[in-house]
Amino acid sequence: MPVPSPTARLRRTLSRGLVAGVLVLVAGCGDDDGGDSARERGAEATESGSPATATSSPSVSASESPTASDCPGFCDSFDDPASGWKEESTAGYVTSYDDAEGGAFRVLTRENSSHAATAPTTVSSLSEDYSVTVDVDTRTAAGMPEAGAYGITCWNHPTQDEAGDSAFLLYVDAQTAILGLWDEISAAYVPIAEKPLSGELKPGETNHLTATCARVRKSGRPEARLALSVNGTEVVTGTHTGTAEHPWDVGDGVGLVTAGAGADVRYDDFEVTPG
């Protein structure tokens, strides 16, 4: 039997990852045609996991987060462990504040699964049309497997079967930039687009990710337009209008995702802005 590529293995990981990584969300009312309703969500803090060892030399492309006084949306530098992100330590994953280099937020997946951590904010409070741009600095732990993946989620909300969560995912592994969807019905993973990386990701350094999730109308139906940049260079784009088999909807959640056994990432200078 041929050995699947890291990306193929990751798709399977993401397709079953939400059993371990359910976000703390409160569902609201939604339309059946997809992409038109908001979901209210809450967040709470719990006990933290153990500290991680990560590579930390900064990339010249990594950007600094604005201070609270000039933040144009929601910003968190993770220097305050009471800022509202949920901390957990389970057999499958760890989420915790980390005091390294002035503050970070760690997401570790111990098993071959994925976990999404939601930010303590709501998309609807930042953007009337739910279109957002998310920026974050990332640092991977030393020795993290190449198949480990990490990135950003947008429009997170509970699925129709209430067994998991739906969200768009914009993320990278060591070789590839990837867009995907946990669908509206049962969080089944739907690939949208992927492109090989060609030097944009700097191993052993801080890498800056920028994800754009925009909702537009096309032929009367909502369409998701997605883009992911690494260190200021756009690496993959894609659109998704949904199907009867795999519909989508907007939600009020936004956050971080890590996937694959041994994937261990510190996130810093998280920022969500409209548009």
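A few comments on the model shown:
- Residues (assigned to a loop (DSSP other than H, G, I, E, B), modelled with pLDDT of 95 or more and crowded, with 19+ Cβ neighbours inside 10 Å) located in the range 184-234: L201, T206, N231
- Filter result for T138 (under 14 Å from the mean Cα position of the chain (by Cα), over 20 Å from D252 (Cα atoms), modelled with pLDDT of 95 or more and crowded, with 20+ Cβ neighbours inside 10 Å): yes
- Figure legend. Inter-residue proximity from the range 162-191: first residues closer than 30 Å to G143 by Cα and in contact (Cβ under 8 Å) with a residue 60 or more places away in the chain, second residues assigned to a strand (DSSP E or B) and basic (K, R), beta-carbon distance below 9 Å, spacing 6+ or different chains. Indicated pairs: T176/K195; I178/K195.
- Breaking point among (1) more than 13 Å from the chain's Cα centre (by Cα); (2) modelled with pLDDT of 95 or more, for D161: (2)
- Some residue of the range 148-160 being assigned to a strand (DSSP E or B), open to solvent by 10 Å² or more (accessible area, probe 1.4 Å), in contact (Cβ under 8 Å) with a residue 60 or more places away in the chain and among the small types (G, A, S): no
- So T243, is it among the hydroxyl-bearing types (S, T, Y) and under 21 Å from E200 (Cα atoms): no
- Only residues that are aliphatic (A, V, I, L, M), more than 15 Å from Y150 (Cα to Cα) and touching a helix residue (DSSP H, G or I) at 6+ places or on another chain (Cβ under 9 Å) were counted across the range 164-189, and they come to 2.
- Of the numbered criteria (1) at pLDDT 95 or above; (2) touching a Ser or Thr at 6+ places or on another chain (Cβ under 6 Å); (3) open to solvent by 20 Å² or more (accessible area, probe 1.4 Å); (4) closer than 27 Å to F105 by Cα, the one Q175 fails is (2).
- Tally, over the range 94-124, of residues that are within 21 Å of G251 (Cβ to Cβ) and out of contact with any helix residue (DSSP H, G or I) (no Cβ under 8 Å at 6 or more places or on another chain): 11
- On inspection, P66 passes the criterion of being in contact with a Cys (Cβ under 8 Å, 6 or more places away or on another chain), part of a loop (DSSP other than H, G, I, E, B) and modelled with pLDDT under 95.
- Residues being in a loop (DSSP other than H, G, I, E, B), among the hydrophobic types (A, V, I, L, M, F, W, C) and open to solvent by less than 10 Å² (accessible area, probe 1.4 Å) - total across the range 244-259: 2
- Put simply, of T140, T95, T153 the only residue that is more than 20 Å from L201 (Cα to Cα) and of a type outside the set (F, W, Y) is T95.
The values are calculated or read from the model by the stated rules, or taken from the named source; none is laboratory data. Please read these numbers as outputs of a predicted model, since none were measured by experiment. Ideal geometry is used to build each Cβ from the backbone, glycine not excepted, and the neighbour counts take in all protein chains shown. Areas reflect the complete protein model, heavy atoms only, side chains present, ligands, DNA and RNA absent. Shrake-Rupley method; radii C 1.70, N 1.55, O 1.52, S 1.80 Å.
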